[in-house]
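Just below is one structure, and these are the notes that go with it.
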Amino acid sequence: MPQFYLLSVLANAFTGLVLSADYLGTKVAFFTEWRALLENRKAKVTLGIVTTAVGVLKLIVRSPGEGVAFVGDLLPALAGILLGAILLGESFRGHVEKAGEKVDRVARTVIGYRVPIGIAAMVVAGLHFLFPQVLFL
């Protein structure tokens, strides 16, 4: 369905932009406004849920003109699931009182790499938009 294709591209691009807004805001003034979404918990939770759901649905629903059912959307689907999980983990990390030490250490490690992951997700979204019928995009 073309709706899930476009939704996947937009969700991955927006979530990647929100995750990397700290770094990109120092380079280009336009991106400083996206940093406000990173501070808004409701926006983070909503975007995280949407991105994760679209990533899971991309594993089930094929893009238009795609011959291989699963492999064609594997990279955008995994990127969506990872981005949504990072955004949800970041928004819920401070609100969980009894998070274990291992969970907190993993969360700090993954959140520390949110800028490169966000930029990589924007690249994946752009390539998936430009080349929708490539086997691994």
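Some observations on this one:
- Qualifying residue in region 88-103 (condition: within 18 Å of S8 (Cα to Cα), surrounded by 12 or more Cβ atoms within 10 Å (Cβ to Cβ) and at pLDDT 70 or above): yes
- Filter pass, V50 being surrounded by 15 or more Cβ atoms within 10 Å (Cβ to Cβ), closer than 21 Å to A107 by Cα and at pLDDT 90 or above: yes
- Sole exception among (1) under 24 Å from L75 (Cα atoms); (2) in contact with a Gly (Cβ under 8 Å, 6 or more places away or on another chain) for T32, by number: (1)
- Inspection of region 20-31 finds a residue satisfying the criterion of being modelled with pLDDT of 75 or more, surrounded by fewer than 16 Cβ atoms within 10 Å (Cβ to Cβ), among the aliphatic types (A, V, I, L, M) and more than 17 Å from V124 (Cα to Cα).
- Count of region 107-118 residues which are surrounded by 13 or more Cβ atoms within 10 Å (Cβ to Cβ) and without any contact (Cβ under 8 Å) to a residue 40 or more places away in the chain: 3
The values are calculated or read from the model by the stated rules, or taken from the named source; none is laboratory data. Keep in mind it's a predicted model, so treat the numbers as computed, not measured. Reconstructed Cβ throughout: ideal geometry from the backbone, glycine too, with neighbour counts over all protein chains shown.
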